[in-house]
Amino acid sequence: MRSVVLCFSGLDPSGGAGLQADIEAIGQAGAHAAIACTAVTIQNSQQVFGFEACSASLVKNQATAVLDDLPVSVIKSGMLGTTDNIAMLTRLFAEQIIPAETPFVLDPVLVANSGGSLGDEQTLVTAFRELLPYATLITPNTHELRALSGEQDLHIGARKLCTQGTHAVLVKTSHDFDSGDIKQYLYIKGEMVHKSVLPRLAGEFHGSGCSLASFIAGRLAMGDALIEAVKAADSWITQTLRAADAPHPDNANAQLIPNRFVEF
Ligand code: PLP
C-alpha cells in the first residue's frame, strides 16, 4: 500500500485545519494518512468556541490499532490538547511501541491562528519538553518557538531546541503579520541548512501550519530527505494559499481556507 503517516490531531469542523488538513496534505504528498483523533473542537473559519479532548487511553487505543495493522512509516502530531495526551505520545516513543527510527514531525500547536485556545498553553509547553527529544522535525511559528525555547531570538531558540534533542527545527514567521515576507529557517543539528522567503499573501489562513507540517510528513514517508521535503512543501503551500477559499469575502476577520487540491 501507499506509505502511511499516522497523525495525532484534532477535528476542526470547518475543514480548514486539524485532521482534515492532515488527510488532504498527506494525500497530495502521495502518501496515506491514518488518524488518531485527539480532540473535537468547536470552531469555524473565524473563531474557536471550545473543544473536548479525547482521553489519553482513547487516543492510544486508536493509535495502537493502526500500528498493529498498517505499515506506518512516519508519525505526525498536531493539536494534542492535554498534557495527558502529550505524555501518552511520549510513552509510545519511550516504550518503543512506536519504533525509535520512525521519523516524527511535531507541529507544536498551542493556539489557533484565530487566537482561540487549543489547550492550556503553559502546561502544554511543560509537557512538550519531554516529547521534543523524539522529534525528527518540529515546525513552530515564532510564538511557539519562543514559548518552547524560552528565547526571544529565533535563531538562538532554534539552536537551543536542537541541543535539547530535537533533530531539526523549521521556524516560520508566518504568524508575525507585520513582518513582511514569510521567512522559514530550517536548522538541522543546530546548523541552518536552508532558508526560504515566501510571499505574504493578503488575508489570514486557517490550517496553513497543519498543511505544511503534514505535507512534509507525507514527503518523508515517500522517501524524500528532510531538506527536499521542506522545499517541496514550500512551493506546494504557497499554491494552496494562492488558491484559498474565502468563506466570507466581505469580512476582513474571516480566515481563508487553503485549497489543498490545487494543481501543483
Ligand atoms: N489543529 C486543530 C484541530 C486546529 O483547530 C487548529 C487551528 O484552528 C490547528 C491545529 C492549528 O492550525 P494552524 O495550521 O492554522 O496553525
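The values are calculated or read from the model by the stated rules, or taken from the named source; none is laboratory data. On a predicted model such as this, the values are computed, not experimentally measured, just so you know. Glycine gets a Cβ as well: all are built from the backbone with ideal geometry, and neighbour counts include every protein chain shown. What goes into the accessible areas is simple: the full protein's heavy atoms, side chains included, and nothing from ligands, DNA or RNA. Shrake-Rupley method; radii C 1.70, N 1.55, O 1.52, S 1.80 Å.
What number of residues within region 56-86 satisfy the criterion of being out of contact with any helix residue (DSSP H, G or I) (no Cβ under 6 Å at 6 or more places or on another chain) and among the small types (Gly, Ala, Ser)?
5
Answer yes or no: is there a residue in region 71-90 that is within 11 Å of the ligand (Cβ to nearest atom) and open to solvent by 50 Å² or more (accessible area, probe 1.4 Å). Break it down into steps so the answer makes sense when it comes.
Applying the first criterion (within 11 Å of the ligand (Cβ to nearest atom)) to region 71-90 yields 77-81.
From what is left, the residues that are open to solvent by 50 Å² or more (accessible area, probe 1.4 Å) are none.
Taking every residue of region 71-90 in turn, none turns out to be within 11 Å of the ligand (Cβ to nearest atom) and open to solvent by 50 Å² or more (accessible area, probe 1.4 Å).
Please identify the pairs in which a residue from region 98-110 that is within 26 Å of Lys172 (Cβ to Cβ) and more than 16 Å from the ligand (Cβ to nearest atom) has its Cβ atom under 6 Å from the Cβ atom of a residue that is part of a loop (DSSP other than H, G, I, E, B) and open to solvent by 20 Å² or more (accessible area, probe 1.4 Å), counting only partners at least 6 apart or on another chain.
Pro103/Thr136; Phe104/Thr136
Have a look at Thr38, Thr102, Thr126, Thr64 and point out the one that is hydroxyl-bearing (Ser, Thr, Tyr), surrounded by 19 or more Cβ atoms within 10 Å (Cβ to Cβ) and modelled with pLDDT of 95 or more.
Values: Thr102 fails: surrounded by 19 or more Cβ atoms within 10 Å (Cβ to Cβ); Thr126 fails: surrounded by 19 or more Cβ atoms within 10 Å (Cβ to Cβ); Thr64 fails: surrounded by 19 or more Cβ atoms within 10 Å (Cβ to Cβ).
Every option except Thr38 fails the conditions.
If I ask for residues that are open to solvent by 10 Å² or more (accessible area, probe 1.4 Å), more than 7 Å from the ligand (Cβ to nearest atom) and touching a residue at least 40 places away in the same chain (Cβ under 8 Å), which ones from region 3-18 would you list? If you could, list the steps in order and put the result at the bottom.
Taking region 3-18 first, the residues open to solvent by 10 Å² or more (accessible area, probe 1.4 Å) are 3, 11, 13-14, 17-18.
If we keep only those that are more than 7 Å from the ligand (Cβ to nearest atom) as well, we get 3, 13-14.
Across region 3-18, the qualifying residues are Ser3, Ser14.
Among the residues of region 16-33, which ones are closer than 10 Å to Lys76 by Cβ and part of a strand (DSSP E or B)?
Selection gives Ala33 alone.
Quick check on this structure: which one of Ile216, Ile237 is open to solvent by less than 30 Å² (accessible area, probe 1.4 Å) and either away from the ligand (no atom under 16 Å from the Cβ) or under 21 Å from Arg2 (Cα atoms) (or both)? Spell out how you get there, then give the answer.
Values: Ile237 fails: either away from the ligand (no atom under 16 Å from the Cβ) or under 21 Å from Arg2 (Cα atoms) (or both).
The match here is Ile216.
Of the numbered conditions (1) without any contact (Cβ under 8 Å) to a residue 40 or more places away in the chain; (2) open to solvent by less than 50 Å² (accessible area, probe 1.4 Å); (3) closer than 26 Å to Asn253 by Cα; (4) among the hydrophobic types (A, V, I, L, M, F, W, C), Phe205 satisfies every one except a single condition; which is it?
Status for Phe205: all satisfied but (1).
When the residues of region 41-61 are narrowed to those that are polar (S, T, N, Q) and more than 11 Å from the ligand (Cβ to nearest atom), which ends up most open to solvent (accessible area, probe 1.4 Å)? Walk me through how you get there before you give the answer.
Narrowing region 41-61 to residues polar (S, T, N, Q): 41, 43-47, 55, 57, 61.
Keeping just the survivors that are more than 11 Å from the ligand (Cβ to nearest atom) gives 55, 57, 61.
Details: Ser55: 61, Ser57: 74, Asn61: 97 Å².
My answer is Asn61.
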